[in-house]
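Visitor: Take this structure first; my questions come after.
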Amino acid sequence: MKTCDVMAFDLGASSGRGMLAEFDGNKLTLREINRFPHSFSLLGDLAYWDILMLMDSIKQGLRMCKSPLVSAGIDTWGVDFGLLDRNGSLVSMPRSYRDEAYNDENMREALDFLGGEEWLFRQTYVASINYNPVFKLYHMKKMNESALAAADTLLMMPNLMEYFLTGVKHSEYSVVSTSQLYNMKDRCWAGPVLDKLGIGEDLFTPVDIAGKVLGKLSGRIMEETGQRELDVISVAGHDTASAIAAVPSPHPEYTFLSSGTWSLMGIASNTLLEGGEIVRDKIANEGTWDGGYRPTVNISGLWILQECRKQWRREGRDYSFDDLTDKARRAKPLQSFIRPDEFIKKGNYPQMIREFCKSTGQPVPESAGEMVRCILESLALKYKQVYRRIRGYITWPESIYIVGGGVRNQLLNQFTADALGIPVITGPAESTAVGNILVQLETLGELSGYGQRCQVIADSFEQQEYLPRETARWEDAFDRFCRLYESRDR
């Protein structure tokens, strides 16, 4: 049977992979071609992404596919960008959103300068988070950075990589929606914001919806990879938008949790959310691959566990994630909690968690199992806190679809069902790559419409359902968890 072979490059904030998909008209078969760890590097006090290594890894993945590919698409984490000069050359290595300069103090200063959080929301309809590009550009202007002065074009990370493959400059809607520089209601760059920043709109390219064929690889890339007929297709450039394109919901409106290094909870909807409570609750009207909305709240995710594991490895204890989950399962439940959204910078996380629990008068987790249980339970309780913010906008039966690498953590999935008190349904673990691939196939005419995409997901990947248990104990734990936020607010 003839298959359509396409390649998805899915670059998360801590690792990337090239996934080959074979589609026979009914079912997807995935094969990992290459996987590569990556992280930001500190040079002095500044944090940079290694774009050269990422591009080399993409080219390596294309080179490792010996048969001709029909197409390829790239998705990445959101909010970061690169700058090109007027000759199309990279001005500097892209800065990481985890850079210490992009902190709450810088955000508050920028909001004062721009006219306040509500004013900025009315210009963009996106929640203010300290690492959003609007605040990075404010910092660059304040510091009179030469990179910005030399810049002719700003491209979000997936669009920057597409440019290096094809020479085509463009901006894709879903990843642009994370910039807080784009008006999600009027569908245009936020001119009043750019004017206040003193940045010309000509720094940006027109915004298009995913599903656009950008063109063939440049001649040099063809020579390096051997892929001469491949079309680069603009997919949902933001990995969360790609991930929810693979949600196995039978209905086009649903509640989702994209679980990975970051956790992102929201709803897929055709309605843009407005009002003061949206600003207060930090809900961002980000975009879907097909031009819709996914009002979303960002939550620090399994990054916390990843950083603990790195620290233990440095200390000579090399646990696998399965080992850590087993240890957590045996630990005593619901003892100590952290505020996950405060753990986003690098550091000695086991020590930081112990210090947090001690300072808040809680039992201090000592063993790895106690530490991991604290992290996973805290994440589940944070999910509940966020779910309460978005629940009023849900008009469909209550359940939540979890997609992303976090679906492999069955203990966290069960904790989420327990904490929220609703069914949890898991989609593909490789949902970001799957969503990337589905958009490519639809662009190529191999698929047509929401129903067929869902059928392909159902035919190709196993789903699991987790039902809530011991909800009374979790309600009591949630009260204690919320008091941690009350103590911080005082």
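Rule-based calculations on the coordinates, nothing more; no lab input. Worth saying up front: this structure is predicted, and the values here are computed from it rather than measured. A quick note on method: Cβ atoms are made from the backbone with ideal geometry, for glycine too, and the neighbour counts reach across all protein chains shown.
Visitor: So the label point goes 7 Å from the Cα of Val213 along Cα→C-beta, right? Which residues of segment 225-258 then have their backbone N under 15 Å from it?
Guide: 228-235
Visitor: May I pose another question? How much mean residue ellipticity at 222 nm does the chain get from its helices, if each DSSP H run of length 4 or more adds -39500 (n - 2.57) and you divide by all residues, to the nearest 500 deg cm²/dmol? Write down the numbers at each step before the final one.
Guide: Details: 19 runs with 197 residues, N = 490.
Helix-only estimate at 222 nm: -12000 deg cm²/dmol.
Visitor: What is segment 4-239 by shape, rounded, prolate or oblate, if you read a ≥ b ≥ c off the alpha carbon gyration tensor as root eigenvalues and call it rounded for a/c under 1.5, prolate for a/b larger than b/c, and oblate otherwise? Could you put the intermediate results ahead of the total?
Guide: On the way: a/c = 2.00, a/b = 1.77, b/c = 1.13.
In terms of gyration-tensor shape, prolate.
Visitor: Among DSSP bridges having both ends in segment 4-239, what percentage is antiparallel? Round to the nearest 5.
Guide: Working: 32 of 43 bridges.
Bridges in segment 4-239 are about 75 percent antiparallel.
Visitor: Next question. If R₀ is 22 angstrom, what is the calculated FRET efficiency for the pair Arg31 and Asp326, using the beta carbon separation as r and rounding to 0.05?
Guide: Working: r = 29 Å, r/R0 = 1.30.
Efficiency for this residue pair is about 0.15.
Visitor: Okay, next question. With θ set to phi - 60°, apply the Karplus curve 6.51 cos²θ - 1.76 cosθ + 1.60 along segment 67-83 and write out the HN-Hα couplings as whole Hz, x wherever there is a Gly or Pro.
Guide: So the J values, rounded to whole Hz, are 8, x, 9, 7, 7, 8, x, 10, 10, 9, 4, x, 6, 9, 8, x, 10.
Visitor: If the viscosity is 1.002 mPa s and the temperature 20 °C, what translational diffusion coefficient in µm²/s does Stokes-Einstein give for the chain when Rh comes from Kirkwood over Cα pairs? Let's see the in-between values first.
Guide: Working: Rh = 23.0 Å.
The Stokes-Einstein estimate is 93 µm²/s.
Visitor: Give the distance, in whole Å, between the Cα centre of segment 420-479 and the Cα centre of segment 337-397.
Guide: For segment 420-479 versus segment 337-397, the Cα centre distance is 24 Å.
Visitor: Restricting the count to DSSP beta bridges whose residues both fall in the chain, what percent are antiparallel, rounded to a multiple of 5? Mind dumping the intermediate values first?
Guide: Values: 51 of 68 bridges.
Roughly 75 percent of the beta bridges in the chain run antiparallel, per DSSP.
Visitor: Given R₀ = 35 Å, FRET efficiency for Met55-Ser399 by Cβ-Cβ distance, to 0.05?
Guide: Numbers: r = 40 Å, r/R0 = 1.14.
E between Met55 and Ser399, to the nearest 0.05, is 0.30.
Visitor: Please compare each pair in Lys169/Lys196; Lys27/Lys382; Lys142/Lys216 to a cut-off of 32 Å on the Cα-Cα distance and tell me which ones are over it. Provide the component values of the computation, followed by the final result.
Guide: On the way: Lys169/Lys196 25 Å; Lys27/Lys382 36 Å; Lys142/Lys216 40 Å.
With Cα atoms farther than 32 Å apart: Lys27/Lys382; Lys142/Lys216.
Visitor: Once the piece of chain linking Val168 and Asp85 is laid out straight, how much longer is it, given 0.36 nm per residue of separation minus the C-alpha distance between them?
Guide: Details: separation 83, 0.36 × 83 = 29.88 nm, distance 1.45 nm.
Working it through step by step, the gained length comes to 28.4 nm.
Visitor: Additional query: For a label point 7 Å from the Cα of Gln455 along Cα→C-beta, name the residues of segment 409-448 whose backbone N is under 13 Å from it.
Guide: Backbone N within reach: 447-448.
Visitor: Length gain on complete extension for the stretch Ser359 to Ser41, per 0.36 nm per residue less the alpha carbon to alpha carbon distance?
Guide: Working: separation 318, 0.36 × 318 = 114.48 nm, distance 3.08 nm.
That works out to 111.4 nm of additional length.
Visitor: Taking 0.36 nm per residue of sequence separation and subtracting the Cα-Cα distance, how much length would be gained by fully extending the chain between Asp318 and Ser367, in nm to one decimal? Don't skip to the end; give the middle numbers.
Guide: Working: separation 49, 0.36 × 49 = 17.64 nm, distance 1.41 nm.
Extending this stretch completely gives an extra 16.2 nm.
Visitor: Then there's this: Using each residue's phi in segment 457-470, evaluate 6.51 cos²θ - 1.76 cosθ + 1.60 at θ = phi - 60° and report the 3J(HN,Hα) Karplus result to the nearest Hz, with x for Gly and Pro.
Guide: 4, 5, 6, 9, 9, 7, 10, 10, 10, 10, 9, x, 9, 6
Visitor: Karplus couplings for segment 332-344 from phi (6.51 cos²θ - 1.76 cosθ + 1.60, θ = phi - 60°), rounded to Hz, Gly and Pro as x?
Guide: So the Karplus estimates, Gly and Pro as x, are 5, x, 6, 9, 9, 9, 10, 8, x, 6, 9, 10, 10 Hz.
Visitor: Okay, next question. Is segment 106-244 rounded, prolate or oblate when judged by the Cα gyration tensor, a ≥ b ≥ c being the square roots of its eigenvalues, rounded requiring a/c under 1.5 and prolate requiring a/b larger than b/c?
Guide: On the way: a/c = 2.60, a/b = 1.79, b/c = 1.45.
Cα axes put segment 106-244 in the prolate bin.
Visitor: I would also like to ask the following. Highest mean first, what order results for 350-356, 238-244, 131-137, 2-8 on Cβ atoms within 10 Å? Numbers along the way, then the final one.
Guide: Numbers: 350-356: 17.0, 238-244: 32.1, 131-137: 24.9, 2-8: 20.3.
Highest mean packing first, the order is 238-244, 131-137, 2-8, 350-356.
Visitor: Return the long-range amide H neighbours of Ala127 (sequence gap of 5 or more, or a different chain), with a cut-off of under 5 Å between placed amide H atoms.
Guide: Ala284, Asn285
Visitor: Using a cut-off of under 20 Å, list every residue of segment 222-265 whose amide N is near the label point 7 Å from the Cα of Asp104 along the Cα-to-beta-carbon line.
Guide: 263
Visitor: Another question about this same structure. How big is segment 405-490 in terms of Cα radius of gyration and Dmax, in angstroms?
Guide: In Å, with Rg to one decimal and Dmax whole: 18.3, 56.
Visitor: Also, quick follow-up: Would you mind putting 401-408, 317-324, 191-198, 155-162 in packing order, based on average other-beta-carbon counts within 10 Å, highest first? Could you put the intermediate results ahead of the total?
Guide: Details: 401-408: 24.5, 317-324: 13.8, 191-198: 15.5, 155-162: 26.2.
Peptide ranking by packing, descending: 155-162, 401-408, 191-198, 317-324.
Visitor: Which distance in nm do the two modelled labels at Arg408 and Lys185 give, with both placed 7 Å along the Cα-to-Cβ direction?
Guide: For the pair Arg408/Lys185, the computed spacing is 4.3 nm.
Visitor: Long-range amide H contacts for Asp152: which residues qualify at under 5 Å (H placed 1.01 Å from N, peptide plane, sequence gap of 5 or more or a different chain)?
Guide: The answer is Leu84, Asp85, Arg86.
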